[in-house]
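Down below is the structure, laid out as structure tokens.
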Amino acid sequence: MSTNRDLKTSSPLLRSTASLAAEQLEIGDVARQLSLSERAVAWLQDINRAVELRGPILPDDVEAEQLLTQLDVEPGDRADTLAARPDPHHHPALWWVLDRIYRHTVDSMGAVVPIEGHAGWPALPARTGAVGRHLAVWAYLAVLPEVRRYHSVRGIPDEASWASLVLGDAMGAHRAVTGQSGLGLFDGLWGAPLQLRGALYRRLGRLDYNRGAISFSDGPCGYTIGVHIPGGAPLDSAACEESFNAAREFFPRHFPEEPIALFHCSSWLLDPQLADYLPASSNIVQFQRHFQILPLAPGDEEAARCERVKEYFFGGSGNTPDLDELPQDTTLQRAYVAHRRSGRYWHTRTGWRPF
Ligand SMILES: CC(C)(COP(=O)(O)OP(=O)(O)OC[C@H]1O[C@@H](n2cnc3c(N)ncnc32)[C@H](O)[C@@H]1OP(=O)(O)O)[C@@H](O)C(=O)NCCC(=O)NCCS
């Protein structure tokens with residue numbers, strides 16, 4: 001394992017030779033060496049390499065520790081990240097991936113989420129070990145100065161900038177789900193890449209928001225603000241309304257050239273079937289009232305059968321297909337089971353409200 005000292009004491013010539021070794025790899029070599037999934041290969045093939053940009057420069061250990069602290073990363077996850085520093089000489093294939101992520105993210109700085117959505121960073125196989133699991137974290141640290149510059153150009157105050165860049169919750173979720181530090185076992189890592197390119201803004205009060213494009217068949221025709229609901233606190237209705245108002249102030253101020261038509265939200269929380277089980281006073285039912293819910297689209301029923309929303313009801317304890325074994329601690333969990341027993345499924349639904 002290379003250390004920060006290795007990097008600091010290695011000569012620039014040695015370092016550039018090492019980067020060159022990574023550079024000379026082709027995607028086929030990288031895919032073979034790392035046993036990348038088809039999805040990861042397709043994703044890497046699709047992204048621009050942005051050759052005119054210089055490659056990533058990682059902060060040294062002292063700076064990395066400070067930055068991770070600023071990003072709300074827990075001490076254990078900070079230590080594991082520092083112990084898993086990627087190095088172009090020792091990990092040329094992983095460095096190749098890091099280099100692509102870095103250049104692509106910097107190249108797309110400021111880009112809104114297109115109407116067709118955003119694929120997220122692919123998982124790296126567990127066999128890439130601790131360095132593979134933390135590669136996305138190091139990519140994040142490498143891009144950080146660029147997004148901070150972008151926020152500053154947009155006039156976003158320091159406090160709001162750092163609040164938007166937190167990484168501790170994503171790393172905490174990775175540890176909770178996989179039992180290991182990092183981000184790399186999550187497939188389709190969604191939020192962190194959008195934070196990093198200045199498209200997702202966190203903690204505007206209770207809710208998080210992303211800038212998104214609206215387009216019809218003849219091309220882009222305006223903007224929408226995507227609404228995201230972080231866990232960790234009740235979904236208090238007044239706090240949500242306050243947050244919508246904060247977003248109404250924030251986006252036109254910092255992105256005045258993007259005329260916003262609406263807020264939209266796609267979530268399991270917007271399934272109207274929830275109101276059949278939860279009291280009208282529940283926060284989830286109150287939250288639904290903020291939105292007009294769109295009708296189910298073709299394919300939604302089929303998607304619901306994959307039961308991807310189940311994890312929101314049960315977290316890690318929902319892995320069993322046996323309804324009798326699921327926890328029944330809350331009204332929501334009891335609703336899940338009763339609904340499935342009646343042969344029906346839960347849906348992700350999309351809602352909108354005027355901006
Ligand atoms: C969104 C969230 C904060 C709502 O929680 P809340 O404010 O307590 O919601 P409600 O008041 O409507 O809760 C109604 C009932 O459902 C339960 N409940 C709510 N969310 C629950 C969850 N994720 N898992 C299990 N039970 C839940 C509550 O405990 C309550 O049951 P009880 O009266 O028996 O205690 C919560 O679901 C959460 O943290 N979710 C994770 C984030 C998320 O899902 N984001 C959207 C991603 S698309």
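If you go through the stretch 189-229 and pick out every residue that is closer than 25 Å to Leu124 by Cα and within 11 Å of the ligand (Cβ to nearest atom), you end up with 2. Screening Leu269 against (1) part of a helix (DSSP H, G or I); (2) over 20 Å from the mean Cα position of the chain (by Cα) leaves a single unmet condition, (2). Go through the residues of the stretch 230-245 one by one and say whether even a single one is assigned by TED's automatic domain parsing to the domain that holds Ala280 and away from the ligand (no atom under 16 Å from the Cβ). Yes, there is a match, as at least one residue in the stretch 230-245 is assigned by TED's automatic domain parsing to the domain that holds Ala280 and away from the ligand (no atom under 16 Å from the Cβ). Got at least one residue in the stretch 228-236 being at pLDDT 95 or above and assigned to a strand (DSSP E or B)? Scanning the stretch 228-236 turns up at least one residue that is at pLDDT 95 or above and assigned to a strand (DSSP E or B).
Looking only at residues in the stretch 110-144 that are at pLDDT below 95 and on the phi > 0 side of the Ramachandran plot, the one that is surrounded by the most Cβ atoms within 10 Å (Cβ to Cβ) is Gly120.
Could you check the stretch 267-282 and list, in sequence order, the residues that are surrounded by 16 or more Cβ atoms within 10 Å (Cβ to Cβ) and either without any contact (Cβ under 8 Å) to a residue 40 or more places away in the chain or not aromatic (Phe, Trp, Tyr) (or both)? Hits for the stretch 267-282 are Ser267, Leu269, Leu270, Asp271, Leu274, Leu278, Ser282. When each of Ser266, Ser281 is tested for being of a type in the set (S, T, N, Q) and under 30 Å from Asp158 (Cα atoms), the lone residue that passes is Ser266.
Quick one: how many residues across the stretch 262-318 are within 11 Å of the ligand (Cβ to nearest atom) and touching a Cys at 6+ places or on another chain (Cβ under 9 Å)? So the count comes out to 3. Within the stretch 39-58, residues that are at positive phi have Cβ atoms under 9 Å from residues that are assigned to a loop (DSSP other than H, G, I, E, B) and at pLDDT 90 or above in these pairs: Ala50/Ser108, counting only partners at least 6 apart in sequence or on another chain. Among the criteria (1) assigned to a helix (DSSP H, G or I); (2) touching a residue at least 60 places away in the same chain (Cβ under 8 Å), the one Pro252 does not fulfil is (2).
The values are calculated or read from the model by the stated rules, or taken from the named source; none is laboratory data. Only a predicted model underlies this, so the values are computations on that prediction, with no experimental measurement involved. For neighbour counting, all protein chains shown are included, and Cβ atoms are generated from backbone atoms with ideal geometry for every residue, glycine included.
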